[in-house]
Structure formats: structure tokens, C-alpha cells
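Below is one structure, written out as C-alpha cells; the observations come after it.
The values are calculated or read from the model by the stated rules, or taken from the named source; none is laboratory data. Bear in mind the structure is a predicted one, so any value in this text is a computation, not a measurement. Every residue, glycine among them, receives a Cβ derived from its backbone with ideal geometry; neighbour counts consider all protein chains shown. Accessible surface areas use protein heavy atoms only, side chains included; no ligands, DNA or RNA. Shrake-Rupley method; radii C 1.70, N 1.55, O 1.52, S 1.80 Å.
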Amino acid sequence: MRSESSGLLRRIAGAALAAGTLAALGGCGALPAQQPLPAAAAPVPVPDLPRGEPEAAAPPPQGVPADAWAALEKFVQARAEAGRPLPEPAAAPECSVPAPGCHFSYGAETLVWSPETGIRALRTEIFDRWKSSVRSLGWPVTSEYSFGGDFRTDFQKGTLMFAPRVGRIMSYDPSVEQSAVVIGDSQAGPDTWVGKGLSALGYKPVILGAGGTGYTRGNGTVDNYPEALEAEEWLLPWGNPGLVIIQGGGNDAYGPANAEIRNNAVQLIRELKRTYPHTRLVMVGVIGDGKGRRAEIDDLLARVAAEQGLDFLSPKDWWKRYSLDSKLDDGLHMGKAGHDAAAPRFAQELKAVLDRPKSG
């Protein structure tokens, strides 16, 4: 086994020499329960040693810390001895992220090392997500392991899940069953009538989506609801939330035809049903004065909800019905006084919806 692992390390060093690049990344490491890895690319040719001489350990490539190289050697050997040898390296080592550390790519998984946390094995999809979130997540403190039928990787400041059933990376919240996941626009922040109303009912709001977005509209940074979900621009929490709220449509009042709004709404609903088959979904329409395009979209979404077997809550005339129009800061968005006034109304009407038998 020692000869196999030394040979692989020498090929890694050869790949690094050929590429002429090295880098800094971190991770730490238990041996993960991995899914079978795909076939790797052809190995980098390494000269044979003279017959009869023991194979020497490859020295670390230029730029790779000796500690990282030693950790990699031990990991490679342990995997070989466990009967799960690593394939040929898919790329040269890199040690170039904003902290001392390295990563080593093996196609379907990537090994991440840092002096603080050691070496860990990450599914490459998780590694790609982590690499863009290193400051918020910190370094990995486990390799991937099985959890609840899916795959979990823990970091210094959080956890990422990979759910093969839906083919998606998800966030992790241990209190997800007390949470209400909200996909919405600027009306749905934690300090809005939606967030405050949910808190009043005992839910912990998990706010996704973004201001300026909708079923068909992005805001230049975040795409529309179904596209943002597909691209994992925000991550749904893993598990079974207590409730899922789909809110919005006001931003769709500017341009898109009803057919496009409907198609995207149906696409989003189907994906959420697939992700959360045991969670109740409620669609909340467009808050307004009961007239014009905003009211038309509210009516359209009510029909979509009925077709898809979802509960629907319409706030389309709340500005007039609850005298909220005087509390609008810009003709569309309420200030704190407006949100404080609308939140109890939302809580009351949502409770009435939830007290009824589930639609569909």
C-alpha cells in the first residue's frame, strides 16, 4: 500500500510540475463515506525507479507546505488501506485562497487542508460552494458523511448538505421543523409584515428570495424565484420545515405576460413539492389596493394555487381594507408603522388558513 500511495503522490507532484501552478486552501479530516467516484483521467507519467531500490516519497511540489504534503500522504495511504483508493489527481495542487491552506482535486471529490483543521474530503459540488463562502462557513471540520439518508459536511461556522434525491446542495438548520421558509420579495424580510406575522405565530422565519425579484423578475444580482432556486443562489434548508410560504408577484406587474408568470409559478411550486413532500405550502398574493395590475396578478396566483392544490392567502386589497395606504413610504412599500400594523392581520389570516384542512 505504501508503494501505491507513494506512486500516486509522485504523480501529483508531476502534475503540479507540468501545470506550473500551486495554491492555498484548507480543510480537515476524517475519512468520509463517499459514493463511487468516476473514472479519472490518464495518469501523469512518472519515471520508473531502478529495479531493487525502494520507492522514495515524493517531495512536496513547490509552494505546497511540507505539513500539507505529509497530511496528504497519510490520507492517501489510509484510503488505500481502507480499500477505497483515490483515483489519479484531476489537477495540480493549489494553495491560493485567502488563508494558509491547500486543496487537491480528484474529480468527484476534493481534499482540503489547512494547518488549523487538517485534511478533509469534500464532494466537489460542496467544495465549489464552500470556496465561494469560505469567510462565512470557515474551514471544513469533517469529511462528507452519511446523515439522514443524504450527505453532510460540517464547517467551522455551519453545515452544508447534499441531497441526491433532489440533486441539490442545501443549508442545515437543526430547528428546521419550527421554521417557516419564505420565498419572497422586499415585502418578506424579517422585519416586514410577513416576517413579523410568522414570528407571532411561533415560527422562525427563514427568508429566501430578494427585494426586486419575483416569479419572472430578477434584480440584477439575484434571479427570479425558479431560476435562483435552480442555480442555488440561495439554499433551501434540508429536512422538513414547519411551513413554506411563497410570497410575491408585485415585481411581476411590470412587463411579463400572465402566461410567463403562471409557468414560472408552477415550476417553482412543483420543485418545492418535490423538495418538501411532507410540508404544507401556502401561497401569499400581492398586497395592494384591490385595483390594477397588482390585483390581476393576485387573482392569477389564486388560480394557480387552486390548480396546484395549495392554500392561498390574498392581501390584494389590504392597503384600503386595513387603512395601510397612509403608511406607504413610496406608494408601494410600507415603513415600520405599516409593517407593524399589517403583521397582526397577516398572522390572523394565515392562522385561519392553517386551521382549515389542507388544500389538495
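The table below lists the values:
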quantity	calculated
The range 312-346 - residue that is crowded, with 18+ Cβ neighbours inside 10 Å and of a type in the set (Gly, Ala, Ser) and, of those, nearest to GLY288 (Cα to Cα)	SER314
Count - residues of the range 198-222 that are assigned to a loop (DSSP other than H, G, I, E, B) and either within 19 Å of GLY255 (Cβ to Cβ) or within 19 Å of the chain's Cα centre (by Cα) (or both)	13
Top-ranked residue of the range 83-124 - restricted to ones that are part of a strand (DSSP E or B) and of a type in the set (S, T, N, Q), ranked as most open to solvent (accessible area, probe 1.4 Å)	SER96
Output for the range 257-269, where each listed residue is open to solvent by 20 Å² or more (accessible area, probe 1.4 Å) and assigned to a helix (DSSP H, G or I)	ASN258, ALA259, GLU260, ARG262, ASN263, ASN264, GLN267
TYR254 vs. criteria buried (at least 19 other Cβ atoms within 10 Å of the Cβ) and of a type in the set (Phe, Trp, Tyr)	no
Selection count, the range 128-156, where residues are in contact with a Pro (Cβ under 8 Å, 6 or more places away or on another chain) and not in a loop (DSSP other than H, G, I, E, B)	9
Filter result for GLY195 (open to solvent by less than 20 Å² (accessible area, probe 1.4 Å), of a type outside the set (Ser, Thr, Tyr) and part of a loop (DSSP other than H, G, I, E, B))	no
Answer from GLY290, GLY309, GLY285 - the residue that is open to solvent by less than 40 Å² (accessible area, probe 1.4 Å) and in contact with a Pro (Cβ under 8 Å, 6 or more places away or on another chain)	GLY285
